[in-house]
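First the structure, in the form of structure tokens, and then the observations on it.
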Amino acid sequence: MLLAIDIGNTNTVVGIYRGEQLLESWRLVSSHTRTIDEYWIMVKQLCNSADIPTDKISDIAISSVVPELTNSFIKMSRVHFGLEPLVVGSHLNLGMNLLVREPKQIGADRLCNVVAAKQYYQCPLIVVDLGTATTFDVLSGDGDYLGGAISPGLVTGSLELIRRAAQLHEIDLQYPDNFIGKTTKEHMQSGIFVGHIAMIEGIVERIITELGEKNVFVVATGGHSEEIAKHTDSVDIVNKYLTLNGLRLIFNLNRKKREQ
């Protein structure tokens, strides 16, 4: 079985695969204060709760955008599983060309996203990942990575606004009943939530124009993707396991080389 670990700035998602089947997944807070022993205990307890024996885990793959936590999970893999994990990066076989000037700077989670999207959907395509940042990644009609865009995430942007504005307070981020709000809460919901949708629609539209393609498929993943997709026609499908599945696919693409 494969232990797939996707380490983000806000959350870490852990999944267990048997072949292509995702048996179970869990979302943890990405904490810099936990020791490798604490992470091991958490993983073991989660597996036990799902009746998954940890001694059956034969491989580990890690996708991370937090270097400090990458090292913690690598050490956990070595010390507690006795396994050397595959750590996702642009140096691996991804089944596509990375047509950007500095491939090493592409986030591991974004590499996972586009590998999975290419496998499951038609190209050209755009992946919109709504996490700490909202990212846009573009594959050409030939399935090569062309680049993308990064903007502040929905929660990140709202928290920064609240931090800087003395009279604004944290709210539930959801679609408002009316665009023209009647209370400060409604004003913020309209501006932040609907504003984020408008940003996504605008960037997707401009990417499609720049591509010069008619049928561009758009897949969304991450945090608020399901709620966002309900209120826009710019997203064709939501796949909340896109990153984990991409991590599994990248592991499989590089399995033979690791065995050698």
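Rule-based calculations on the coordinates, nothing more; no lab input. Owing to the predicted nature of the structure, the values given are computational and were not obtained by experimental measurement. In this analysis, Cβ positions are derived from the backbone assuming ideal geometry, glycine residues included, and neighbour counts consider all displayed protein chains.
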Q) Looking at the chain, what % of its DSSP beta bridges pair antiparallel, to the nearest 5? A) 65 percent
Q. Given the rule -39500 (n - 2.57) for each run of at least 4 DSSP H residues, summed and divided by the residues of the chain, what is its mean residue ellipticity at 222 nm, to the nearest 500 deg cm²/dmol?
A. -10500 deg cm²/dmol
Q: Under a 10 Å cutoff between Cα atoms, tell me which one of ILE57, ILE250, ILE200 has the largest fluctuation in the Gaussian network model of the chain.
A: ILE57
(Q) Suppose the Debye formula is applied to equal point scatterers at every Cα of the stretch 103-246; what is log10 I(q)/I(0) at q = 0.11, 0.17, 0.19 Å⁻¹? (A) -0.42, -0.91, -1.07
Q) Lys/Arg Cβ at +1, Asp/Glu Cβ at -1, dipole of the chain taken about the Cα centre: which of ILE62, LEU22, GLY202 is farthest positive-ward? A) ILE62
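Determine the shape class of the stretch 2-87: with a ≥ b ≥ c the square roots of the Cα gyration tensor eigenvalues, call it rounded for a/c under 1.5, and otherwise prolate if a/b is greater than b/c, oblate otherwise. Intermediate values should be presented prior to the final figure.
Values: a/c = 1.42, a/b = 1.36, b/c = 1.04.
Rounded.
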Q: Using a Gaussian network model of the chain whose springs link C-alpha atoms within less than 10 Å, name the residue from ILE197, ILE180, ILE36 with the highest mean-square fluctuation.
A: ILE180
Q | Positive-end residue of LEU249, SER190, ILE36, charge dipole of the chain with Cβ unit charges | A | ILE36
Q. Hey, how many Å between the Cα centroid of the stretch 183-215 and the Cα centroid of the stretch 27-63?
A. 37 Å
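Mind listing which trypsin sites (Lys or Arg not before Pro) in the stretch 217-260 are in a DSSP loop and have 13 or fewer other Cβ atoms within 10 Å?
On the way: sites: LYS230, LYS240, ARG248, ARG255, LYS256, LYS257, ARG258; in loops: LYS230, LYS240.
Taking the stretch 217-260 and a limit of 13 other Cβ atoms within 10 Å, the loop trypsin sites (Lys or Arg not before Pro) found are LYS230.
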Q. Under unit Cβ charges (Lys, Arg +1; Asp, Glu -1), what dipole magnitude, rounded to 20 debye, does the stretch 2-87 have relative to its Cα centre?
A. 100 debye
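Considering only DSSP beta bridges whose two residues both sit in the stretch 103-246, what percent are antiparallel, to the nearest 5? Before the final figure, lay out the partial values.
Working: 13 of 20 bridges.
Of those bridges, close to 65 percent are antiparallel.
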Q | Residue of GLU84, GLU226, GLU38 that the Gaussian network model of the chain assigns the largest fluctuation, springs spanning Cα pairs under 10 Å | A | GLU38
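Would you work out the charge dipole size for the chain about its Cα centre, treating the Cβ of every Lys and Arg as +1 and the Cβ of every Asp and Glu as -1, and quote it to the nearest 20 debye?
On the way: 24 positive and 30 negative charges, 125 e Å.
Around 600 debye, computed over the chain.
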Q) Within the chain, which complete DSSP H helices have Cα atoms spanning at least 15 Å along the helix axis and a mean Kyte-Doolittle hydropathy of 1.0 or higher? A) 242-253
**Q.** Cα gyration tensor shape of the chain, rounded if a/c is under 1.5, else prolate or oblate by comparing a/b with b/c
**A.** oblate
